[in-house]
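The values are calculated or read from the model by the stated rules, or taken from the named source; none is laboratory data. Everything numeric in this text was worked out from a predicted model, so none of it was measured. Don't worry about glycine lacking a Cβ; one is built from the backbone with ideal geometry, like all the others, and counts go over all protein chains shown.
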């Protein structure tokens, strides 16, 4: 089963392209989506993630490229014949129908026998916990309830794929987290393939098995959340997902670079770094350890650690953690994050050293300034 | 506290006084006088109504009035619907432009517009000349002073009254709802009949009601474009008063017209109550 899954993807996007006049919304993307997976398109607005979803749904026609479902082209199949379920950001329920009829609509269209239709609607109402609201019009429901109706409507005809376009974007934080958990449960129980669009990286991390990061119409990162976070394929992904420290240095060998008076080590890259090249080192704040000068003397520097001397600029208490920003001699600012229960606050102005493991260092030899400055 | 509130309420209600006075003097009292005349002139009793309902000409006029109003309503809705949809769908500037064209035609003098139709439709008119010129017909079509003249002219005049409420209700429809129906498996046809039309229903109903009721009491256009054989009720009333000074019969006819209008309005309120914009929305 597993081997079959990996050999035959459910959905394949091949060189998919969408242009609006001279603006390229989606730029020749390739992607394979496996049966049963929860894949999230993550990106800021205008990155092409929603356009890609619209093309899969059939609301937009690609300028060129292919969309394959079970290896058959979907390009000329109208959206009502694609057998795909979709949940929209603003619910898009039918205001003139009761909750029950909204959910029953896809079955009525398919002329499902009455008894079977009613049973399916009842089952799905139970799944989304809305049995008591079946006869109400959707206008009388709260946002979270409306979205559950929308999810039920999209699931009731058991589509192979469920598309979700920022479905929780209009809800407040607490409700959003509850529904995220519910969605994960539904995905586990039904084993349906879900393609989810969001601009919220926490949501992407919380929900998905794989994340595709969109930037200017291209997929610039694809993998599990853990993978993308720990070893981002490029500086943009590093900066987009979570917080990061970037240090611009000059390589002096394939695994060493010069920074101020210190030599910083990094792992050999698959395409070796050229000597004298300008490179970018990235370290996550939680991997950057702040030590007072005394602590540094007591704990000798091991081979796989890098060390930089710096001065504390500010420490901020955030409840479970502290963030400590430090500045080096040349003015490089670094951010460290540490758990508050194991440490105490470090006063501003203290001279300290920061250390981090070579294995926690990511190296990039190509980047754009805009990649690493958060908008 | 409640005393304060109720005194406030009365204060607000007093704002209605001027309009109540105005409508009372200039609408209600004349109306009541009219209704009274229908049963008192020339003698007390329902004689006028018996006379009317026993006259075949009157029955024919009443039937014709309803026929015209129904046909005009149907045509105005059929033509106004796509127009309203275009106004809603077109990019902002063009939609506004189209709406302004509709409004402009509504603001032009009724008499001028009706006479224009006369010029266009009469046997030596523009339309007949063109049709004969391109050899489509040998003899001029009789387009005015008959039913078709009235229907053409009145449909044109009534279209804005359909378009405005219809466009208002269409513009509240979220296009994503239509996409949602389509991804649920509904063909374009099903989306139109099962989702779009029901969502337009409030607009269709109020537009159709307005046109129907206005058509029942329309005078100028039927008088100019219609013929003797298909007279409408308002023309009949005018004739009774101006030619025969028959106030009793005229008042009785008017009363019937008012009663019919009220019945239709009542039916409208009943039917309308199950639509999403009706008063039961917030219950």
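When the residues of region A:55-90 are filtered to those that are facing chain B (nearest Cβ under 8 Å) and in contact (Cβ under 8 Å) with a residue 40 or more places away in the chain, which remaining residue is surrounded by the most Cβ atoms within 10 Å (Cβ to Cβ)?
Per the stated criteria, the residue is A:86.
Determine which single condition residue A:136 fails, assuming it passes every other condition in (1) within 12 Å of chain B (Cβ to nearest Cβ); (2) crowded, with 18+ Cβ neighbours inside 10 Å; (3) not in a helix (DSSP H, G or I).
Looking at each condition in turn, residue A:136 falls short on (2).
Say we look at region A:91-103 and pick out the residues that are part of a helix (DSSP H, G or I) and surrounded by fewer than 23 Cβ atoms within 10 Å (Cβ to Cβ); which of these is nearest to the other protein chains (Cβ to nearest Cβ)? Show your work before the answer.
Narrowing region A:91-103 to residues part of a helix (DSSP H, G or I): A:99-103.
Going one step further and asking which of them are surrounded by fewer than 23 Cβ atoms within 10 Å (Cβ to Cβ), we end up with A:100-101.
Working: A:100: 15, A:101: 10 Å.
Among those residues, the one meeting the criterion is A:101.
Quick one: residue B:217 ticks every box in (1) within 14 Å of chain A (Cβ to nearest Cβ); (2) surrounded by fewer than 20 Cβ atoms within 10 Å (Cβ to Cβ) except a single one, so which number is it?
(1)
Here are some conditions: (1) closer than 29 Å to residue A:47 by Cβ; (2) assigned to a loop (DSSP other than H, G, I, E, B). Residue A:302 meets all but one. Which one does it not meet?
(1)
For residue A:169, only one of the following conditions fails: (1) modelled with pLDDT under 95; (2) farther than 30 Å from residue A:285 by Cα; (3) within 14 Å of chain B (Cβ to nearest Cβ). What is its number?
(2)
Quick check, is residue A:49 more than 13 Å from chain B (Cβ to nearest Cβ) and out of contact with any strand residue (DSSP E or B) (no Cβ under 9 Å at 6 or more places or on another chain)?
Details: more than 13 Å from chain B (Cβ to nearest Cβ): yes; out of contact with any strand residue (DSSP E or B) (no Cβ under 9 Å at 6 or more places or on another chain): no.
It is false that residue A:49 is more than 13 Å from chain B (Cβ to nearest Cβ) and out of contact with any strand residue (DSSP E or B) (no Cβ under 9 Å at 6 or more places or on another chain).
How about region A:309-375: which strands (runs of 3 or more DSSP E) wholly inside it have at least 2 residues that are touching a strand residue (DSSP E or B) at 6+ places or on another chain (Cβ under 6 Å), buried (at least 18 other Cβ atoms within 10 Å of the Cβ) and not assigned by TED's automatic domain parsing to the domain that holds residue A:240?
Working: elements: A:321-328, A:333-339, A:351-357, A:362-364.
Answer list for region A:309-375: none.
Here is a check on your reading of the model: is residue B:168 more than 14 Å from chain A (Cβ to nearest Cβ) and over 16 Å from the mean Cα position of the chain (by Cα)? If you could, list the steps in order and put the result at the bottom.
Numbers: more than 14 Å from chain A (Cβ to nearest Cβ): yes; over 16 Å from the mean Cα position of the chain (by Cα): yes.
Criteria met by residue B:168.
Given the conditions (1) modelled with pLDDT of 90 or more; (2) under 25 Å from residue B:219 (Cβ atoms), report the number of the one that residue B:87 does not fulfil.
Checking residue B:87 against (1) modelled with pLDDT of 90 or more; (2) under 25 Å from residue B:219 (Cβ atoms), the one that fails is (2).
Step by step: first the residues of region B:185-200, then only those that are facing chain A (nearest Cβ under 7 Å) and within 13 Å of residue A:78 (Cβ to Cβ), then the one that is farthest from the chain's Cα centre (by Cα). Which residue is that? Even if it seems obvious, please write down each step before you answer.
Residues of region B:185-200 facing chain A (nearest Cβ under 7 Å): B:185-187, B:190, B:195, B:198-199.
If we keep only those that are within 13 Å of residue A:78 (Cβ to Cβ) as well, we get B:185-187, B:190.
Numbers: B:185: 38, B:186: 34, B:187: 34, B:190: 30 Å.
Taking the candidates together, the pick is B:185.
Within the bounds of region A:42-49, is there any residue that is in a helix (DSSP H, G or I) and crowded, with 20+ Cβ neighbours inside 10 Å? Quick ask: steps written out before the conclusion?
Taking region A:42-49 and keeping what is in a helix (DSSP H, G or I), we get A:49.
Checking the rest, the ones that are also crowded, with 20+ Cβ neighbours inside 10 Å come to A:49.
Within region A:42-49 (the criterion being in a helix (DSSP H, G or I) and crowded, with 20+ Cβ neighbours inside 10 Å), the answer is yes, since at least one residue qualifies.
When residue B:223 is evaluated against the numbered criteria (1) within 14 Å of another protein chain (Cβ to nearest Cβ); (2) surrounded by fewer than 21 Cβ atoms within 10 Å (Cβ to Cβ); (3) over 30 Å from residue B:98 (Cβ atoms), which criterion, by number, is the only one it fails?
Just one mismatch for residue B:223, condition (1).
Taking region A:105-130 only, how many residues are more than 10 Å from chain B (Cβ to nearest Cβ) and either touching a residue at least 60 places away in the same chain (Cβ under 8 Å) or part of a helix (DSSP H, G or I) (or both)? Don't jump to the end; show me each part of the working.
As a first pass, look at region A:105-130 and keep what is more than 10 Å from chain B (Cβ to nearest Cβ): A:111-130.
Subsequent filtering for residues that are either touching a residue at least 60 places away in the same chain (Cβ under 8 Å) or part of a helix (DSSP H, G or I) (or both) retains A:114-127.
Number of matching residues: 14.
Looking only at region A:168-183, how many residues end up being in contact (Cβ under 8 Å) with a residue 60 or more places away in the chain and in contact with a helix residue (DSSP H, G or I) (Cβ under 8 Å, 6 or more places away or on another chain)?
Counting residues in region A:168-183 that are in contact (Cβ under 8 Å) with a residue 60 or more places away in the chain and in contact with a helix residue (DSSP H, G or I) (Cβ under 8 Å, 6 or more places away or on another chain) gives 1.
Let's see how each residue does on (1) in contact with a helix residue (DSSP H, G or I) (Cβ under 9 Å, 6 or more places away or on another chain); (2) modelled with pLDDT under 90:
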| site | (1), (2) |
| --- | --- |
| B:213 | yes, no |
| B:230 | yes, yes |
| B:240 | yes, no |
| B:249 | yes, no |
| B:270 | no, yes |
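Select from region A:139-160 the residues that are farther than 21 Å from residue A:171 by Cα and touching a residue at least 40 places away in the same chain (Cβ under 8 Å) and write down the one among them that is nearest to the other protein chains (Cβ to nearest Cβ). First the steps, then the outcome.
Taking region A:139-160 as the starting set, the residues that turn out to be farther than 21 Å from residue A:171 by Cα are A:156-160.
Checking the rest, the ones that are also touching a residue at least 40 places away in the same chain (Cβ under 8 Å) come to A:156-157, A:159-160.
Working: A:156: 9, A:157: 7, A:159: 9, A:160: 13 Å.
The extreme case among them is A:157.
Search region A:158-211 for residues being assigned to a strand (DSSP E or B) and under 12 Å from the mean Cα position of the chain (by Cα), and hand back the single one that is surrounded by the fewest Cβ atoms within 10 Å (Cβ to Cβ).
Step one: list which residues in region A:158-211 are assigned to a strand (DSSP E or B), which gives A:161-165, A:193-198, A:210-211.
Remaining after also requiring under 12 Å from the mean Cα position of the chain (by Cα): A:195-198, A:210-211.
Numbers: A:195: 27, A:196: 26, A:197: 24, A:198: 24, A:210: 18, A:211: 29.
Residue satisfying both the conditions and the ranking: A:210.
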